[in-house]
Amino acid sequence: MSLPILGIESSCDETAAAVVRGGRDILSSVVASQDDVHRKYGGVVPELASREHLRRIVPVVREALERAGLNFAGLAAIGVTRGPGLIGSLLVGYTYGQTLAAALGKPLVPVNHLEGHVHAVFLEAQQGINGGAADGGGAGRALPELPAVCLIVSGGHTVLYEVRPANGYVAAPAPAPAEYPAFRCAYTRIGATRDDAAGEAYDKVAKLLALGYPGGPVLDQLAVHGNPAAVAFTPPHTRGNPLDFSFSGIKTAVLRHIRQNPAFEAEIAARQEALRAGARRAAELLPLCAPATLDLVASFQRAVVSDLVHRTIAAAEAREARCVLVSGGVAANSELRAAFARQASARALPVFFPSRALSTDNAAMIAAAAYPRLLVGESAAEGIGAEANLPLA
Ligand code: KG4
Ligand code: ZN
C-alpha cells in the first residue's frame with residue numbers, strides 16, 4: 001500500500017502542490033511563491049493572491065505530478081487545505097481539489113493548514129539538540145515522543161498547541177516503518193498572539209526600514225552583522241495568559257527608534273531607491289546599512305526570538321512535554337533554531353524543526369496530514385467547504 005496523495009495548498013500567498021507516498025516519502029513538492037506580486041505593497045494583498053492562485057494552480061499541479069512520475073490515475077487521494085487562511089485564496093485550491101477529486105472518482109481529504117505545519121515536523125524532523133542541528137530526518141525518521149508543545153510561527157500565525165497522541169501514535173518505532181500507521185494527534189490551544197504574528201512583525205519592520213519583502217529572510221541574514229544588545233526593547237507583557245504573545249509593541253518601538261534618530265532617513269531613502277532598482281538579497285542591502293541599522297535589526301530579532309523561545313519552553317515545562325516542535329515560516333530563522341538548540345541541550349528537551357523548505361508553506365505537509373485520515377476512510381462530507389477561521393482546537 002504505497003498510497004500516493006496529491007496535496008494542494010493555497011491558504012495564503014503560495015500556490016503549492018506535492019505528491020507524498022505512504023505519508024512520508026516526498027515524491028515532489030512544488031511551491032510557486034507570489035512574493036514578486038505582493039512586494040511593492042509590503043504585505044499580502046488578498047485580491048491579488050486569489051487571482052495569482054487561479055493563474056498558477058493548474059501548472060503547479062501538473063508539475064508536481066510530472067516530477068513525481070505519476071498521472072492522475074496513479075493517485076490514491078487528494079488532500080487539500082480547507083482553512084484557516086484567506087478565504088479567496090483557500091477557495092481556489094479547495095474548489096480545484098474538489099473538482100479534480102469528483103472528476104477522478106477519488107477521495108478528497110480536507111486538511112487543517114495548522115495540522116499540516118505539525119506534520120511538516122513529522123515529515124522531515126531535524127533535531128536541534130546539543131547545540132547542533134543534526135538531521136534526525138534521514139535516519140529512521142521516527143515520530144517524536146508525545147506529548148509535545150508545538151509552536152507554529154509564521155506570517156499569519158503565532159500559536160502554541162499541546163499535541164497529544166490519540167489513535168495509533170507510536171513514538172520512535174525501531175526500525176521505522178516504511179509507511180506511517182493511521183495515527184491521530186489531539187490538540188489543545190494553549191497560547192496565541194493577541195495582535196501581530198511574529199512573521200508579520202518581521203515584514204512590517206522590514207518595510208519601515210526599506211529592507212524588502214518578505215522581511216524575515218533578509219533581517220535574519222543582516223542581524224548577524226549587528227549588536228543584539230544595542231537597542232533595549234521592553235519584553236512583551238501579556239496580562240492574563242502568560243503563554244499569549246504580543247509583537248505589536250516591539251514593532252512600534254522600532255518605529256519610535258527610527259523617528260527619534262533622523263540619521264536613518266537618508267539611508268532608508270537610499271534603500272528604497274535600491275529596492276525600486278531591483279535589489280532583493282541581503283548581500284545587496286548590507287552595504288546600504290549603517291551600523292546603527294544593523295544594531296536595530298539584530299536587537300529586534302533578539303527581542304522576538306527570545307520571547308518566542310521563553311514562552312514555548314515555559315509552556316513545555318508547564319505541560320511536562322517530552323519535546324518541542326517548531327514549524328511555520330519563522331521556524332526557518334537561524335537565531336531561533338540556534339536559541340532553541342541551546343535550550344534543548346541545557347534542559348535535555350529535544351526540539352524538532354522541519355527542514356527549512358518545509359518550514360514555510362508547502363503542499364507536502366498537507367498531503368502528509370491527509371494520509372492518516374485517508375487510512376481511516378475520512379473524506380469530505382457533503383457541504384464541507386473552505387473556511388477562513390477553521391480552528392485546529
Ligand atoms: O509559513 P509562511 O510561508 O506563510 C504564512 O503562513 O505566513 O511564513 C511566511 C513568513 C513571512 O512573514 C516571512 O517573513 C517569515 O515567515 N520568514 C522568516 C524567515 N523566513 C521566512 N522570518 C524570520 N526569519 C526567517 N529566516
Ligand atoms: Zn502556514
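Of all residues in segment 9-30, those satisfying the criterion of being within 16 Å of ligand 2 (Cβ to nearest atom) and in a strand (DSSP E or B) are Glu9, Glu14, Thr15, Ala16, Ala17, Ala18, Ser29.
Per this entry, Pro214 is counted among residues that are farther than 19 Å from Leu151 by Cα, buried (at least 19 other Cβ atoms within 10 Å of the Cβ) and not aromatic (Phe, Trp, Tyr). Whether a residue is open to solvent by less than 10 Å² (accessible area, probe 1.4 Å), over 30 Å from Ala277 (Cα atoms), in contact with a helix residue (DSSP H, G or I) (Cβ under 7 Å, 6 or more places away or on another chain) and at pLDDT below 95 was assessed, and Gly93 does not pass this test. Within segment 29-45, which residues are more than 22 Å from Ile87 (Cβ to Cβ) and crowded, with 21+ Cβ neighbours inside 10 Å? Selection gives Ser29, Val30.
Criterion applied to Arg356, Arg311, Arg342 was being of a type in the set (D, E, K, R), in contact with a Pro (Cβ under 9 Å, 6 or more places away or on another chain) and either closer than 24 Å to Thr234 by Cα or within 16 Å of ligand 2 (Cβ to nearest atom) (or both), and the one residue passing it is Arg311.
Does Ser306 satisfy the condition of being within 16 Å of ligand 2 (Cβ to nearest atom) and more than 12 Å from Val231 (Cβ to Cβ)? No; evaluated as a whole, the condition is false for this residue. Which condition number in (1) out of contact with any helix residue (DSSP H, G or I) (no Cβ under 6 Å at 6 or more places or on another chain); (2) more than 14 Å from ligand 1 (Cβ to nearest atom) is the one that Asn112 fails? Result: Asn112 fails condition (2) only. Consider segment 305-361 and keep the residues that are over 22 Å from Glu115 (Cα atoms), more than 16 Å from ligand 1 (Cβ to nearest atom) and charged (D, E, K, R). The one that is most open to solvent (accessible area, probe 1.4 Å) is Arg342.
Remark: pairs (first residue in segment 152-165, aromatic (Phe, Trp, Tyr); second residue assigned to a strand (DSSP E or B) and away from ligand 1 (no atom under 15 Å from the Cβ); Cβ separation under 8 Å; 6+ apart in sequence or on different chains) = Tyr161/Val149; Tyr161/Tyr187; Tyr161/Thr188; Tyr161/Arg189; Tyr161/Ile190. Of the listed requirements (1) over 19 Å from Leu374 (Cβ atoms); (2) of a type in the set (Gly, Ala, Ser); (3) open to solvent by less than 30 Å² (accessible area, probe 1.4 Å); (4) modelled with pLDDT of 95 or more, Gly69 misses just one: (3). Residues that are under 21 Å from Val330 (Cα atoms), outside any helix (DSSP H, G or I) and either open to solvent by less than 20 Å² (accessible area, probe 1.4 Å) or modelled with pLDDT of 95 or more (or both) within segment 259-304 comprise just one, Arg281. Taken over segment 155-170, the criterion of being open to solvent by less than 50 Å² (accessible area, probe 1.4 Å), part of a strand (DSSP E or B) and away from ligand 2 (no atom under 16 Å from the Cβ) is satisfied by Glu162, Val163.
The values are calculated or read from the model by the stated rules, or taken from the named source; none is laboratory data. Keep in mind it's a predicted model, so treat the numbers as computed, not measured. No Cβ is skipped: glycine too gets one built from the backbone with ideal geometry, and neighbour counts run over all protein chains shown. To get the accessible areas, we keep the full protein, side chains included, count just its heavy atoms, and leave off ligands, DNA and RNA. Shrake-Rupley method; radii C 1.70, N 1.55, O 1.52, S 1.80 Å.
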